[in-house]
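Q: What follows is a single structure, and I will ask about it in a moment.
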């Protein structure tokens, strides 16, 4: 009976149906429905990536750390009862206590307010620099990769030359010309920083533009700008985001580095690099908290970005996973 | 190959020229002059000084004459340190910076590769986790913080090693470690991931099937291919180590080139700024070039004369 059921044949169907009870047919039909039912909701690229990222404990640690750092950097200076620049001369070099959570520095400034204010500046520089890099890099790389041929050749020669420039040397020179300050740091960092993004976007676009769906768009007579925006960029998004999570910490590092050399944010404003430089004297004086807190916050920020960036790379680029 | 080298050489000259031009004009745009620091100089003395260094001539003329002297590898005279030629300063500072840089590169590459290989061989084991934790920490902690921590702990607290200056081999250890941790971490991660990839290849299985010793499989077969990505980033790493050495030299009071660079910028010593920038850039560009050539030799699959993409 079961055998006949499997080899259902139209010629035998009449007289087979006589011997088989009805419930067997319903049974089979239901099974078929179940087999084809979509049990799990279909996921788009981003949902799929998010699912993979969520499984990555280290990356999630990074993400949570980052959210905490950003929230503290935004709100801690506002809610702190101390000002980051106010000097209380009677409270110099106090160790961490109930009133001064991170202690005070040699000028009697509250290190808690100052550290988070510095973190705010570092994060701000990192994000803005990364977004400007993204903006210029995507447009430049997109055009270069999509146009190809001579245009690409000329545009990439220029990039090659810029790539050969010693990055920090140029940044330092620009800082000197434009005078130290926050906007100068951002201009200096982005003046040569967009090159990396442009190279990566170009490489991706070169690869994707040969796919059939782009050809289809071209056949419909879609304008170049629309093809780049609608067909090419969404497919490079993963790589771009990964590159950004690497650009932000390197911008933060550069800012700290410049401030440490005395070429970045100027006193009385705080920046983590500047505070680390101030804290250098702690080696001899033993006021460890003046060095520890800013150094710890920079390292933690860099750690969070790096770990998250690694996780994103795994999550957004399934081809690279093994 | 020859055409490729010639083409790259042309690009190098253009890049270097661009750097010289850019630096020259940026420097002259910068507010202040080298004589601002001189106390009690009256207008006449200032004028004489300007004349002595040809700074009163039109900028275009200064630029051309500087280019001309560069062709003879003559970097001019220092303004703030009278009697010192820039060539002399470079000759003093460069060997020190070079020693620090090379030590760092050797330490970073050796320890990075060893860590990476161990991590890949014990994939998902304890050594792997330890090595990768170390690598993430190495990437996250900026070199200037690493330097201060090292001084604090090893020099001031435990008195194991000298804290600063540059006079004996012992003095080299701390700055080298501080400068090498970042690059080491990058190399370790890169080696690990490319090693993991290579170890799954068929030819490794073949080597194993032939009964080769694990040592030979790793060193002769796997490592040769796994190290190619490491070679490609050596150029950028050298750049990082060079710029990193500015701050490390400052912290450890090492009489290298980094000190001259930062000092000259602050004192607007035009010829020293130009000299150090051009020298650094030239060195860097040549390193990048050598790395590319080495890559072509190490990996016969890469055809240098073919344009990529």
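Throughout, read-outs are computed from the coordinates displayed, never taken from laboratory work. Since the model is a prediction, treat every value here as computed from it, not as a measurement. Virtual Cβ from ideal backbone geometry, glycine too; neighbours counted across all protein chains shown.
Q: Report the extension gain between residue B:64 and residue B:233 in nm, rounded to one decimal, defined as 0.36 nm multiplied by the number of residues separating them, less their alpha carbon distance. Numbers along the way, then the final one.
A: On the way: separation 169, 0.36 × 169 = 60.84 nm, distance 3.58 nm.
Separation in residues times 0.36 nm, less the Cα-Cα distance, equals 57.3 nm.
Q: Between residue A:210 and residue B:21, what FRET efficiency follows from the Cβ-Cβ distance if R0 is 45 Å, with the result rounded to 0.05? Don't jump to the answer; show the numbers that get you there.
A: Values: r = 39 Å, r/R0 = 0.86.
E between residue A:210 and residue B:21, to the nearest 0.05, is 0.70.
Q: Give the Kirkwood hydrodynamic radius (Å, one decimal) of the range A:70-320, defined as one over the mean of 1/r across all pairs of different Cα atoms. All intermediate terms of the calculation are to be shown ahead of the outcome.
A: Numbers: mean 1/r = 0.0498 Å⁻¹.
Computed over the range A:70-320, the radius equals 20.1 Å.
Q: Follow-up question, since we're still on this one. Tell me, rounded to the nearest percent, the portion of alpha carbon pairs in chain B spaced more than 29 Å apart.
A: Values: 24195 of 47586 pairs.
Distances greater than 29 Å cover 51 percent of the Cα pairs.
Q: Return one number: the angle in degrees, 0 to 90 and rounded to the nearest 10, between the long axis of the Cα atoms of helix A:45-55 and the longest principal axis of the Cα atoms of chain A.
A: 70
Q: Please rank B:274, A:155, A:275, B:1, fewest neighbouring Cβ atoms within 10 Å first, as an exposure proxy. It would help to have the intermediate numbers written out before the result.
A: Details: B:274 21, A:155 18, A:275 28, B:1 11.
By the 10 Å Cβ count, ascending: B:1, A:155, B:274, A:275.
Q: A further question follows. Report Rg(Cα)/(2.2 N^0.38 Å) for the range B:93-267, keeping two decimals.
A: Working: Rg = 18.6 Å, N = 175, 2.2 N^0.38 = 15.7 Å.
In units of the globular-protein estimate, the range B:93-267 measures up at 1.19.
Q: Suppose each label sits 7 Å from its Cα in the direction of the beta carbon; what would the residue B:129-residue B:13 distance come out to in nanometres?
A: 5.8
Q: Averaged across A:258-266, how many Cβ atoms of other chains sit within 10 Å of each residue's Cβ atom?
A: Numbers: counts 1, 0, 9, 8, 3, 3, 0, 0, 0.
Rounded to a whole number, the mean comes out at 3.
Q: If R0 is 45 Å, what FRET efficiency do you get for residue A:237 and residue B:208 from their C-beta distance, rounded to 0.05?
A: 0.65
Q: If one takes the longest principal axis of the Cα atoms in chain B, at what angle in degrees, from 0 to 90 and to the nearest 10, does the Cα axis of helix B:169-199 lie?
A: 40
Q: I need two numbers for the protein assembly as shown: Rg to one decimal and Dmax as a whole number, Cα atoms only, in Å.
A: Both quantities, over Cα of the protein assembly as shown: 29.9, 124 Å.
Q: Measuring from centroid to centroid over Cα atoms, what is the spacing of the range A:140-160 and the range A:250-293 in Å?
A: Going from one Cα centre to the other spans 40 Å.
Q: So for each of B:181-193, B:104-116 I average, over its residues, the number of other beta carbons within 10 Å; can you give me the resulting order with the highest mean first? Intermediate values should be presented prior to the final figure.
A: Details: B:181-193: 24.5, B:104-116: 21.3.
Top of the packing list down: B:181-193, B:104-116.
Q: Still on this structure: Which whole number gives the average count of other chain Cβ atoms within 10 Å of the Cβ atoms across peptide B:7-13?
A: Working: counts 0, 1, 0, 0, 4, 2, 0.
Rounded to a whole number, the mean comes out at 1.
Q: Using Cα springs under 10 Å in a Gaussian network model of chain A, which residue among A:216, A:251, A:130 shows the largest mean-square fluctuation?
A: A:216
Q: Students often check this: by mean Cβ neighbours within 10 Å, which of B:285-292, B:67-74, A:131-138 ranks highest, and how do the rest follow?
A: Highest to lowest by the protection proxy: A:131-138, B:285-292, B:67-74.
Q: If I take R0 = 51 Å and measure r between the Cβ atoms of residue B:52 and residue A:97 in this structure, what FRET efficiency does the formula 1/(1 + (r/R0)^6) give, to the nearest 0.05? The partial results should precede the final answer.
A: Working: r = 59 Å, r/R0 = 1.15.
Computed FRET efficiency for residue B:52 and residue A:97: 0.30.
Q: Follow-up question, since we're still on this one. Would you order A:19, A:271 from fewest to most other beta-carbon atoms within 10 Å of each residue's own beta-carbon? It would help to have the intermediate numbers written out before the result.
A: Working: A:19 8, A:271 29.
Lowest to highest Cβ neighbour count: A:19, A:271.
Q: Counting only other chains, what is the mean number of Cβ atoms within 10 angstrom of the Cβ of each residue in peptide A:169-181? Provide the component values of the computation, followed by the final result.
A: Details: counts 14, 6, 1, 7, 9, 4, 2, 10, 7, 4, 2, 0, 0.
Mean partner shielding for this stretch: 5.
Q: Where does helix B:126-140 land angle-wise versus the long Cα axis of chain B, in degrees 0 to 90, nearest 10?
A: Computed tilt is about 20 degrees.
Q: Please list B:20-26, A:182-188 highest first by mean number of surrounding beta-carbon atoms within 10 Å per residue.
A: Working: B:20-26: 16.9, A:182-188: 19.6.
The peptides rank, most packed first, as A:182-188, B:20-26.
Q: Can you give me the C-alpha center-to-center distance between the range A:162-179 and the range B:1-30, rounded to a whole angstrom?
A: 15
Q: Which length gain, in nm to one decimal place, applies between residue B:266 and residue B:6 when the Cα-Cα distance is subtracted from 0.36 nm times their residue separation?
A: On the way: separation 260, 0.36 × 260 = 93.60 nm, distance 3.82 nm.
Difference between extended and current length: 89.8 nm.
Q: Below 8 Å, C-alpha to C-alpha, sequence gap of six or more: please give me the relative contact order for the range B:93-267 in percent.
A: Numbers: 214 pairs, mean separation 59.4, N = 175.
Contact order relative to length: 34 percent.
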